[in-house]
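The values are calculated or read from the model by the stated rules, or taken from the named source; none is laboratory data. Model, not experiment: these values are computed from the prediction. Cβ sites come from the backbone with ideal geometry, for glycine too, and all protein chains shown count toward neighbours. Accessible surface areas use protein heavy atoms only, side chains included; no ligands, DNA or RNA. Shrake-Rupley method; radii C 1.70, N 1.55, O 1.52, S 1.80 Å.
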Amino acid sequence: MADRRRINGPVGPTAPPVYDCPQSRRVAKQLDDNAIRKIFLKTGVTPSASGSAYLEIEDPNATGPSGTSLKLTCTVHGPRALPRSAPFSPHIILSTHVKYAPFATRQRRGYLRDSSERDLGVHLETALRGAIIADRWPKSGVDIIVTIIEGDQNRDSPEYDRDEGWDMMNVLSGCITVASAAIADAGIDCVDTVAGGVAALVAKDDKSQPSIVLDPDVARYHKIFAACCVAYLPTRDEVTNIWFKGQLPGADAMIYNKMVERSLIACRNANQVVVLALKEAIRPAQQDSS
Amino acid sequence: MAAPSPLTISSATFAKLSPHPYLLANLQPPDSSTPSARTNGRQPAQTRPYNINTSSLSHAHGSAVVRTGDATVICGVRGETLLTTQIPNYRPPQDDSSGSDELRDYDLLVPNVELATGSAPNFLPGVPPTTLAQTLSTRLFSLMHTSKLLNAEDLRIYQDDLNIEGGSEEENESGEGEKEIKAYWVLYIDVLFISFDGNPFDVAWAAILAALRDTKLPHAYWDVDREMVLCSREETPPLKIRGLPVACTAAVFTAKERQKKGTGQFWILADPDRLEQSLCDETVTMVIDCTEGETRVLAISKNGGTVVGPGLMKELAPIAEARWKEFRAVLR
């Protein structure tokens, strides 16, 4: 389908490069079950927006010059007045947009939003809705735009390996963390900073029993049974959004609760990063005024 | 009755409420003690320095992040293969053709600019590309073709044997009589604006140039048994780029908002930022290349007003040359 407003490529179908021999598998470092990858978070990357933030998650097995696996940027525009035609609303209207850049994943993504991006947008909106004090901004709207510059995908697997989509969990938790930092940077009142964390039920190799790990690096495990992404408010101890995907073995009736509780550890860790980044941002301002 | 205290507003508020008088007051200060300068302290002919990082993306064959002033732009180059059987009007090239016709005829270069990432308050997603984005993509597309930056020879994929050596085109040429072109590489060049701060053409072109110089396409050949294009894992040299065209844009700021030619004062501001670009109607862009020692002008475009004539255009050339030297130094 030719998009009239963009430069379209050739009419014929183009295929990504297929290699003649499989890449030698990187030896993944054995990490602890509870080990969470380091997060780099910085606010104020887009000065013309009301608030913005940039997030990177490190790649412990990096071979290239960039040592990071997931890169996200978020801009917040608002609160701004709603158009005159919009009906009166006593609280702020959140609209979220999540978009993959065309070069973010192994398969090239187009410029039009597809269903997975819309899904991520809805999850993000639900997660943030619980944190913002909406009643302070009647008749207003705020736009939260997250751009995924590089997805958290497995670089090693051969081209015929079907992409099961477990990396979207990590992407959603990154989106939640970066959006909450950007909202705080924009000065919108929140009850607490939201943070996202992921826990997964994996089998590390062929013979081992399924076990729960935090912040799963998709490349490392033999098989992933289920994963859940939780958005959590640490100070108030409230969960605003859970996204659960997969199949649980029937043996343990409480495995679902255990997974959600373990993911809260990842959320608290991500929240510490957000709080630190925000403190860094206000420190120069405080030094100027003092 | 006590005299009312004078109303004082900060300069940031002044800039938001009435930007045109604000910029005019900066360029033409009321008292002679303060020097004339632009709003961010630059001189009218001073451009912002570039800051370039390459190879930061792992799913792209080449990438660059360019920062200048408050603007941040990411460019990713991905190569995909296109079989000649899938090209509707394919004809094998004649021996004496330069190779650039293939790039244009078969649409092998696909640049696109995405502004609607929230990079500025007026570029929000959810709407189709604005006029600015469409014109930017088209201008970059035509500059890429007219500057003859890439050669179609480097993008051809032949039916090759397994004696793979880098640059084996010459050896094959002497060995076999004819080589059939089985497929082409198509380069998808995507430019994403993270933060917009005026002068999008210069920054986008700089990002494309840096990303193309960083691009390493794998060695590809047509495998007869599997009847498809396969790539080998060996290291390849980066894509060959001819020359180094650098763009330099300047905007014309007039003292009165609507001014006839020959009346009133004007200033030529090189490398305008967001505030200045919103106040100026007329812009001049010059693309030059000094790789062969002497300055060659590749493109000049001017639109929006009647202030700049051939004389003023010549004055822009030294600014463009200085920008070229600075860009080449940063790329190293």
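A few comments on the model shown:
- Restricting segment B:31-124 to GluC sites (Glu not before Pro) in coil, as DSSP defines it, with at most 11 other Cβ within 10 Å: none
- 17 Å reach of a label modelled at A:D3, 7 Å along Cα-to-Cβ, counting backbone N of segment B:178-198: B:187-194
- Span-like helix ranges in chain A, DSSP H, alpha carbon extent 27 angstrom or more, Kyte mean at least 0.0: A:167-186
- Relative protection proxy for A:230-237, B:49-56, from highest mean packing down: A:230-237, B:49-56 (other beta-carbon atoms within 10 angstrom).
- With both labels modelled 7 Å from their Cα along Cα-to-Cβ, the B:T146 to B:L132 distance reads 2.3 nm.
- Exposed GluC sites (Glu not before Pro) absent - longest run of chain A, DSSP non-H/G/I/E/B, at most 16 other C-beta within 10 Å: A:1-158
- Percent carbon-and-sulfur accessible area, chain A, ignoring ligands, DNA and RNA, probe 1.4 Å: 51 percent
- For chain B, the longest principal axis of the C-alpha atoms and the axis of helix B:200-214 are separated by about 30°.
- Annotation: the antiparallel percentage among DSSP beta bridges lying fully within segment A:60-197 is about 55.
- Coarse-grained scattering of chain B at q = 0.07, 0.08, 0.11 Å⁻¹, given as base-10 log I(q)/I(0) from a Debye sum over alpha-carbon atoms: -0.37, -0.47, -0.80
- Tail weight of P(r) past 14 Å, computed on alpha-carbon pairs of segment A:190-236, percent: 53 percent
- Dividing the radius of gyration of the alpha carbons in chain A by their Kirkwood radius gives 0.99 for Rg/Rh.
- Cα pair distances of segment B:29-96 binned at 5 Å [whole percent]: 3, 11, 12, 10, 9, 9, 9, 10, 7, 6, 5, 3, 2, 3, 0
- Acute angle (nearest 10 degrees) that the helix B:131-146 long axis makes with the longest principal axis of chain B, alpha-carbon atoms: 50 degrees
- Here the relative contact order of chain B, from alpha carbon pairs under 8 Å that lie six or more residues apart, stands at 18 percent.
- Accessible area of the protein assembly as shown divided out per residue, in Å², using a probe of 1.4 angstrom: 48 Å²
- Between B:S32 and B:I241, the contour length at 0.36 nm per residue exceeds the alpha carbon distance by 70.3 nm.
- When the alpha carbon coordinates of segment A:6-135 are projected onto the principal axes, the ranges are 61, 48, 27 Å, largest first.
- Temperature 37 °C, viscosity 0.692 mPa s: under these conditions the Stokes-Einstein estimate for the protein assembly as shown, based on its Kirkwood radius over C-alpha pairs, is 121 µm² per second.
- Apportionment of accessible area to carbon and sulfur, segment B:1-84, percent (1.4 Å): 58 percent
- Helix B:310-331 and the longest principal axis of the C-alpha atoms of chain B enclose an angle of approximately 60°.
- Interface burial for B against A (accessible surface, 1.4 Å probe, total of both chains, Å², rounded to 100): 4500 Å²
- Couplings 3J(HN,Hα) for segment B:218-229, derived from phi with the Karplus relation 6.51 cos²θ - 1.76 cosθ + 1.60 (θ = phi - 60°), are x, 6, 10, 8, 8, 8, 6, 5, 8, 6, 7, 8 Hz, where x marks Gly and Pro.
- Filter on A:K42/A:K223; B:K179/B:K240; A:K71/B:K240; B:K216/B:K314 - keep pairs with C-alpha separation over 27 Å: A:K42/A:K223; A:K71/B:K240; B:K216/B:K314
- Linear extension gain, A:D135 paired with A:D32, 0.36 nm per residue minus alpha-carbon span: 32.8 nm
- A quarter of the convex hull surface defined by the alpha-carbon atoms of segment B:220-316 gives 11.1 nm² as the mean projection.
- Restricting the GluC sites (Glu not before Pro) of segment B:261-332 to loop positions (DSSP other than H, G, I, E, B) with no more than 16 neighbouring Cβ atoms within 10 Å leaves B:E292, B:E294.
- Set of segment B:104-131 residues, backbone N closer than 12 Å to the point 7 Å along the Cα-Cβ line of B:N303: B:131
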